[in-house]
Amino acid sequence: MTSRIFIIGFLILGSFVSCAQISKIGSGVFSSAAYGPTAIDTSVDAYSRFAYTYPQASLDDLQHNDDITAISFFYRPFVDLVGQTSVKIYLNNSSQADFGSGSLNWKTQIAQMTLVYQGELQSALIPDQEKVIFQFNKVSTYSFDTANSANHLQVCIEYLQDSAQYSKASWYYETGFFVPAFVSNYETKYVTGNGTPDSICATSSIIKPTMHVHYPRDNEDLGIEEIYTLGKVAVSNASASEIRVLVANRGKNTIASDTLNLVVSGVNTFSTSIQVVNLAANEERWVSFDNYKPLEIGEETLTVTNTDDNANNSSYALVREVTPLEASYGRLGQGNLGDYQFSDTTVDFATRYYTPSFKQITGAKFKFNSSSVPYKVCIWAKDSFTDKPGNLIYLSPVNLTSVGVVSVDIPQIFVKDAYYVGIREMSAVHTRLEYQKQSPIPLLEHFLSTPAGTSDWEQMEVNQGIVFDQSIDIVTAHNLAVTDIYLPGNRDTFYYSKIDSLAISAKIVNLGFATINEVLLRCDVKDRFGNLLATSDDTVNVAVNSDTTVQFTKFSRAYFGDHYITITATSSFEEVPYNNELERKFTLVVDKDASATTIFTPDYGDTFSINEFAFYPLVRVINIGRQSQIDIPIKMEVLRAGKVVYEETKYQSLLPQFSAIVSFDSFVPLVPGELVVRYITLLPDDVFPRNDTTATGIFVKVNYDLEVRQILNPATEAKMDKAQLFVPQAEVANNGLKNVSNAQVVCQIKDLQGNLVYTDSKIVSLLSGQVSTLTFTAHSIDSLGDFTICVATSFLADEFSLNDEKCQLLYITEPKNLKINSVLLPANNSLVARSVDPLFPSIQLNNIGTDSIENAQVSITILNESQQQVYTDSLLVSLGVDLVQDMPFSKALDRSLAGVYTVRVVNHWALENTPSPNDTLMSSYTVVPSKDISVSSILVPLDQDTVELGSAVNIKVRIRNLGVSVAEGVQLRVSICDANTVQKFVDTLYYSGLQRLEYINLQSSQFWTSDDTGQYAIKCEVVSQDDEPSNDIIATVVRVVKYKDIALQEIVFPPNQLVLQAG
């Protein structure tokens, strides 16, 4: 089984992340004592003054007039502080993106700032989370005021200590690589030293500490930050799986009590809830769900939710894998970040696991990135006093030096409650053990002890988030498994038979460490609808480390279609029920079944270039049925994002159980990205459509592709007053692999009649993958109505044109303005099924003005193709500001006659300020039969064909679906009559699944051989339900002749009754 785990939800792909009420600037990859926010030092009177400019682009969702209540920073653990450690923090909004190239005068700088915090550093530290939160105490909040373009946040932090500290402190920091919004080496100014603080900050840098800015907007907001649990949980552990959740109070008020819900979905289902109580503003806390026990193997989704004022951070989901034996904290789908190099001495490393009852540890697995470095595998019991590793209960007997994924067998080690698994580094050479980063992690999970064997255990750093790539195998006492069904094999195919049967045998294995007696085994056989067809039982005893093969009662083959065999093992001692049952599918085939089996080209993951020859599609098709098939349709489709962008159909004739490689025309991809190539067999009356389709994935690259991503200003369907000035802006991106130079981007605004009212253009050059925002010349529109703003690229080398233009609506409005958005029913250009049932037209109206609408009259008129009025009605409309409403008319529309109809909707509101094109809307629709199969032609034999007497003729007919819906259960009768209208041949052809406007060639399975010469009439007619009889019948005439037929017509000489004289 492939193991994988991944996060669903908020994945940090960039440099910062916003949770709507907190901006997280950076993720804390590196740490140092050099860059602040405070320079904790080992000298007595050390001080530091750090001035930072956090550019607007790094602050993400922090907006004008947001109230900042606190800022926080993250550190690596250090020895407790002593003496007085004074901290002052000042904030300011600035229009300047940095402090400039010269030195910064501290006193001058803070004179224009707001003092938000003053106090001892010790009081702000949160050791179990290795962070410091400066909750403002000089002001209740700091208003982020961006007036006069003051969009950047300046932070000045002064630190003074009166005592020498035991060690320096390392703080996590960010560079321009991890936070691309950091662009200037003058964004940071600082000075450090001893004695009286210097006011001149002469040192410059781009580096700034990892920082969180807290600006609660809601009163109640419990944010769900992280889920920490086993990435692989062993079902053999037979215990509740602890699930820890990091929650944070992002709101303004203390949370007295809030409900946190857990829902498990996927292979397992479960739900529960806990209460989070007394959580102060900006406080974070780990809480636990500890009453869930997974039962089934496979993927399950853990979803944690709550309900409060902010829904954006009230849900978090994680997918993990439930395995038979393996347990691991690693999220394999996340990938390893690197390899951890232990210190230059011997060391013990341990990770905590838990089991409620005695289990046997049979193996451990690690992933190393160094060789020839000795280490041993260890297991420790829990120290009952410290919640850390205690007595060493297992140490591998020999040194290991393997590299890569290393699996180690562990004999006869039994554990209960908490225990710890890890390695002991046996030399001063670095052992490089691969790891993931899951930050933050809870306390008391991962430990190091240096040197090895001293039990001087230290908790791994919370914000460093190291989770080592290791797993263990857990065996329970009673674990019975049905591991194989020998006969029949999975997906085996057998022919239908009234006299033969199938043998059934299965393998049962004892995977536990105790003998299991009186195991009841049952075999059930069901059809594809779940109906039980046969059952048989047996009882066996299964010893430790042994298996048993059981023969069950044979099963008759006198059935058709897919069937399922289920073998179930039942024991009163069983602890792990997930593997007590095994199912196999087998198929009993009949006459018709064609399958697309093997794709030869393209291969999965093949990469091609857009607009260039890619490949010749090749697929193997097999006739699994027992009948010969002529002209099996095989369709090749190419899909992008689930939509068909290319298709082609070929035809192949096959004998029973024969296959053929079908080739299609050369394929040239016209769209870039991830595509799916799909092959489908379309055999009429196919018994097993499930095997008709096979597919593979390819990738199409593009060198030059300049895309208009979005129009930023004005917003989609924005409302503006007449003569209001606005600045068009658009975002363009270079999606191609090559750089783009001097490409033109044009912005145009037109009214709905296509009249141009504005145009401007920009020249842009973009690197591959680069995104740019373009600002066009400001403009105002002095006329009312609907307008379309379009931004389009003009670049000759562009290889994909479908994303070159983006358009959206713009409304220039006034107080009283009603717009007719659309005709909903019947929709514009829609196909309407012909019927006598009533249909009530409906429209969508939009109040695009700034006042409410009262009693506005709107009428509808419908004309047929002869411009005759067939329908009229009106309604009175009342609509609030900015409301869009669907409104039906009261009269029923007659749709019993086929044809094309024109719809005209008119707004007659007398109070509307200014009439506009929005007041009239035209559309059309077409009434067609619901079910309409047209007999297009008789392909074999052709009309007026000559057929040789005694030869066999196989009738082939083409039909087409002209109805609205997919044609199902089509029946076609083919008959042949002689000149005296005596019927000589009749057959019925069947087909299902014909899409609208598609055609199919149907061939009779019987052959007609004439027994006399002469003229014969061939008639083909639809006999299944059809709404349009005019195209249901087609007839042709053929002439049957003899190939060799010489007739004696008369004797020319001598004439009849001639009398000759003798001589």
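Each reported figure results from applying straightforward, stated rules to the coordinates on display, with no laboratory input. Since the structure is predicted, the reported quantities are computational estimates derived from the model, not experimental observations. Because the Cβ atoms are built from the backbone with ideal geometry, glycine has one as well, and the counts that use them run over all protein chains shown.
Across the range 226-323, C-alpha contacts under 8 Å between residues 6 or more apart give a mean separation that, scaled by the residue count, equals a relative contact order of 34 percent.
With Cβ to Cβ distances under 13 Å as the rule, what net charge do the other residues near TYR811 carry (K, R +1; D, E -1)?
On the way: positive: LYS719, LYS722, LYS819; negative: GLU717, ASP721, ASP751, ASP786, GLU814, ASP882.
Counting the neighbours of TYR811, the net charge comes to -3.
Working from Cα pairs under 8 Å separated by at least six residues, relative contact order for the chain is 6 percent. In this structure, the residue pairs whose Cα-Cα separation is over 26 Å, taken from LYS367/LYS437; LYS376/LYS416; LYS507/LYS554; LYS416/LYS437; LYS701/LYS806, are LYS416/LYS437.
Here the simple spin-label model places points 7 Å from the Cα toward Cβ, and for ALA979 and ASP591 these points are separated by 3.5 nm.
Here the Kirkwood formula, the inverse mean of 1/r across different C-alpha pairs, assigns the range 22-214 a hydrodynamic radius of 16.5 Å. Positive-end ranking of SER896, ILE860, PHE385 along the dipole of the chain, with charges on Cβ about the Cα centre, is headed by PHE385.
Within the same chain, lysines fewer than 8 places from LYS252 are excluded, and of the rest, those with a Cα less than 24 Å from its Cα are LYS24, LYS88, LYS131, LYS138. Dipole magnitude for the chain: computed about the Cα centre from +1 point charges on Lys and Arg Cβ and -1 point charges on Asp and Glu Cβ, it is near 1160 debye. Neighbours of ALA569 by Cβ distance under 12 Å: Lys/Arg scored +1, Asp/Glu scored -1, total -4. Cβ-to-Cβ counts within 10 Å put ASP760, ASP492 in ascending order as ASP492, ASP760, the fewest first.
Sorting 377-385, 947-955 by their mean Cβ neighbour count within 10 Å, with the most densely packed peptide first, gives 377-385, 947-955.
How big is the charge dipole of the range 706-803 about its Cα centre, in debye rounded to the nearest 20, if each Lys and Arg gets +1 on its Cβ and each Asp and Glu gets -1 on its Cβ?
Details: 6 positive and 10 negative charges, 36 e Å.
Magnitude of the dipole: close to 180 debye.
Using R0 = 45 Å, the C-beta based FRET efficiency linking THR108 and GLU283 works out to 0.75. Our note on the geometry: Cα centres of the range 718-763 and the range 555-628, 52 Å apart. Pairwise Cα distances in the range 713-814 exceed 16 Å in 57 percent of cases. May I ask for the distance between the Cα centers of the range 966-981 and the range 74-109, given as a whole number of Å? Answer, in whole Å: 91. Using the Cβ-Cβ distance between ILE200 and ILE126 with R0 set to 35 Å, the FRET efficiency works out to roughly 0.55. The simple spin-label model puts a point 7 Å past each Cα toward its Cβ; for LEU295 and SER992 those points are separated by 3.6 nm.
Relative to one another, the C-alpha centroids of the range 344-384 and the range 640-681 are positioned 52 Å apart. Panel order for MET426, MET922, by other beta carbons found within 10 Å of each beta carbon, from fewest to most: MET922, MET426. Excluding same-chain neighbours fewer than eight residues apart, the lysines reachable from LYS592 by a Cα-Cα span under 20 Å are LYS498, LYS635, LYS650, LYS956. Simple rule: put +1 on each Lys or Arg Cβ and -1 on each Asp or Glu Cβ in the range 933-1041, find the dipole, and look at CYS1020, VAL940, GLY969; the Cα lying farthest toward the positive end is VAL940. This model, with +1 at the C-beta of Lys and Arg and -1 at the C-beta of Asp and Glu, gives the range 22-214 a dipole about its Cα centre of some 220 debye. Between rounded, prolate and oblate, where does the range 336-475 land on the alpha carbon gyration tensor, with a ≥ b ≥ c its root eigenvalues, rounded for a/c under 1.5, else prolate if a/b exceeds b/c? Since a/c stays below 1.5, the shape of the range 336-475 is classed as rounded.
Tell me the relative contact order for the range 463-605 as a rounded percent, counting alpha carbon contacts under 8 Å between residues six or more apart.
Details: 326 pairs, mean separation 44.2, N = 143.
Here the relative contact order equals 31 percent.
In terms of the Cα gyration tensor, with a ≥ b ≥ c the square roots of its eigenvalues, is the chain rounded because a/c is under 1.5, prolate because a/b exceeds b/c, or oblate?
In terms of gyration-tensor shape, oblate.
Taking K and R as +1 and D and E as -1, what net charge do the other residues with C-beta under 10 Å from the C-beta of THR307 add up to? If you can, show how the numbers build up before the last one.
Values: positive: none; negative: GLU220, ASP258, ASP308, ASP309.
Cβ neighbours under 10 Å give a net charge of -4.
Remark: PHE358, PHE776, PHE468 ranked as PHE358, PHE776, PHE468, counting other beta-carbon atoms within 10 Å and listing the fewest first.
List the chymotrypsin sites (Phe, Trp or Tyr not before Pro) within the range 174-239 that fall in a DSSP loop (any state other than H, G, I, E or B) and whose Cβ has at most 13 other Cβ atoms within 10 Å.
Details: sites: PHE177, PHE178, PHE182, TYR186, TYR190, TYR228; in loops: PHE177, PHE178, PHE182, TYR186.
Qualifying residues, ordered by number: PHE177.
Among the chymotrypsin sites (Phe, Trp or Tyr not before Pro) in the range 509-609, those located in a DSSP loop and surrounded by at most 12 other Cβ atoms within 10 Å of their own Cβ are PHE529, TYR604. Of the residues VAL823, ASN713, SER497, the one whose Cα sits farthest towards the positive end of the charge dipole of the chain is SER497 (charges of +1 on Lys and Arg Cβ, -1 on Asp and Glu Cβ, taken about the Cα centre).
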